[in-house]
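Structure first, then comments.
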């Protein structure tokens, strides 16, 4: 058990907002023998290639692979698909599945003596409530990255996934009851106890809660499919306009809650609605498709699209909210079969 003086917040650390400058983006490359893309793996590397190609233009890209043999295969594939590798770095940090947002390192920063210092939080990872064992290798990835970067490593000793939290970089964190209060994560902790961990290890002062997640989401309601900060005072939130869709009531309730919430200084947020891409299915299974699963990079915002009429509307809305970045839509129809999209497979490393 950490002493109160040893937790990141007491030492001046905080989790920066995603739009703050990046040193790099981290990925974990999916394995053909993994379980994330049953019978559709062949279509997925091309999606990664496009995403990595866009990111490599604006920041370093770090890719975790199983071993040297896998690295050779990924390099050959990316080269064949026309993705330049000059800004890519490969690391033999094996993991069973590719969801780096949830098993990867969460970086913290602090300002000290005129310099920015960084650290990593190593939350426990149990594959969203022990749904997909084994996951021991995935759980170890933050430790490898901390050693690689020679950074302090904080281990809270409880389960937490990166996709379950959103921060505005000024002291406010947004999450969901459906995920963080689920008994398959930390059944021994009460809501106030979980909030204390969030404050101590993310350096926030204001913890805000939404309710349930969208249909098809096997994470039990990650916030990054629902509502995202686009700046310190603005939240874009998914809204399903079709009353007959099962997401309609859930997202309406989250919108209602958002309108009552206040930031770290007691001010209401500016709330912007983001449409949903309708019902996206494969093999009769509802998939958790959402435009909210975008990734904010240096000078770019990469947005998943789903071959739907709302794709253009979503991109237009997000471009208005990110006037200083280029908003780029990339087809995520194949990737979403793995039950996640661009935000789920990436993890930012702040500069």
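Read-outs throughout are calculated quantities, based only on the coordinates presented, and are distinct from any laboratory measurement. Note that the coordinates shown come from a computational prediction; the quantities given were computed from them, not determined experimentally. FYI the Cβ positions are ideal-geometry reconstructions off the backbone, even for glycines, and counts take in every protein chain you see.
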| message | If R₀ is 35 angstrom, what is the calculated FRET efficiency for the pair residue 312 and residue 80, using the beta carbon separation as r and rounding to 0.05? | response | 0.70
| task | Take the alpha carbon gyration tensor of region 171-285, find the square roots of its eigenvalues, order them as a ≥ b ≥ c, and report rounded if a/c is under 1.5; if not, report prolate when a/b exceeds b/c, else oblate. | result | oblate
| query | Using 1/(1 + (r/R0)^6) with R0 = 22 angstrom and r between the beta carbons of residue 205 and residue 233, what's the FRET efficiency to the nearest 0.05? | reply | 0.90
| query | If you find the alpha carbon centre of region 256-299 and of region 33-98, how far apart are they in angstrom? | reply | 27
| message | Quick check on region 4-350: of the DSSP beta bridges with both residues there, what percent are antiparallel, nearest 5%? | response | 45
| note | For the chain the mean separation of alpha carbon contacts under 8 Å (6+ apart) over residue count, i.e. relative contact order in percent, is 20
| request: Sketch the reach of a paramagnetic label on residue 89 as a point 7 Å from Cα along Cα-to-Cβ, and name the residues of region 40-78 whose backbone nitrogen lies under 14 Å away. | output: 59-65
| query | Using helices alone, what [θ] at 222 nm do you get for the chain, with -39,500 (n - 2.57) per DSSP H run of 4 or more residues, divided over all residues and rounded to the nearest 500? | reply | -7000 deg cm²/dmol
| query | Working from the pairwise distances between different alpha carbons, so that the mean of 1/r is found and then inverted, what is the chain's Kirkwood radius in Å? | reply | 20.3
| Label points 7 Å out from Cα along the Cβ direction at residue 39 and residue 271: separation in nm? | 4.1
| Please state the relative contact order of region 1-134 as a whole percent: Cα pairs under 8 Å, 6+ residues apart? | 28
| So, in nm, how far is label residue 245 from label residue 57 when the simple model puts each one 7 Å beyond its Cα toward the Cβ? | 2.9
| field | Cα-projected label distance for residue 147 with residue 115, points at 7 Å along beta-carbon direction, nm | value | 2.4
| Per-pair calculated FRET efficiency, R0 = 51 Å: residue 6 and residue 218 via Cβ, rounded to 0.05 | 0.90
